[in-house]
1. Tell me, what ³J(HN,Hα) does each residue in the range 24-37 have, in order and in whole Hz, if you take phi through Karplus 6.51 cos²θ - 1.76 cosθ + 1.60 with θ = phi - 60° and put x for Gly and Pro?
2. Express the relative contact order of the chain as a whole percentage, based on alpha carbon pairs under 8 Å and six or more residues apart in sequence.
3. Just in the range 3-94: which trypsin sites (Lys or Arg not before Pro) are loop by DSSP and have at most 15 other Cβ atoms within 10 Å?
4. So the label point goes 7 Å from the Cα of residue 73 along Cα→C-beta, right? Which residues of the range 1-30 then have their backbone N under 11 Å from it?
5. Hand me the chymotrypsin sites (Phe, Trp or Tyr not before Pro) from the range 1-91 located in a DSSP loop with no more than 16 other Cβ atoms within 10 Å, in residue order please.
Amino acid sequence: MAWMLLVVAGLLEVGWALLLPATRGFTKLVPTAGFVVLLVCSMAALSAAARTIPLGTAYAVWVGIGATGTALLSIVLYGDPATPARLFFLGLLIVAIIGLKLSQGA
């Protein structure tokens, strides 16, 4: 259950990160409210997961999911560059996330 919460926390992080440009420096009410709700939910899920998963592992996986998801969706949604090197290193992040899960043994 903790790992499911951690995945949800990471996906929520992707959501709030992708909403950030729409807030226009937190001057737009609706995107800012969505950003805050997703941020709080992401932190709550991370906190709950970290009760069972060691904090360092939970945080690294949360950041990895958020960074990878945000980077990949930014390529699709915002036209960020999708160079072979960038995609390779995003792939390494995914391998690292899987490695952390497998090495946890829980």
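Read-outs: derived from the displayed coordinates by stated rules, not from any lab. All values derive from a computational prediction rather than experimental measurement. Here the Cβ positions follow ideal geometry from the backbone for every residue, glycine too, while neighbour counts run over all protein chains shown.
1. Rounded to whole hertz, the list is 6, x, 6, 9, 9, 4, 5, x, 5, 5, x, 4, 5, 4.
2. Values: 105 pairs, mean separation 33.0, N = 106.
It rounds to 31 percent for the chain.
3. Details: sites: 24, 28, 51, 86; in loops: 24, 28, 51.
Within the range 3-94, the qualifying trypsin sites (Lys or Arg not before Pro) (loop, at most 15 other Cβ atoms within 10 Å) are 24, 28, 51.
4. Residues passing the 11 Å test: 10-20.
5. Working: sites: 3, 16, 26, 35, 59, 62, 78, 88, 89; in loops: 26.
Sparse-neighbourhood loop chymotrypsin sites (Phe, Trp or Tyr not before Pro): 26.
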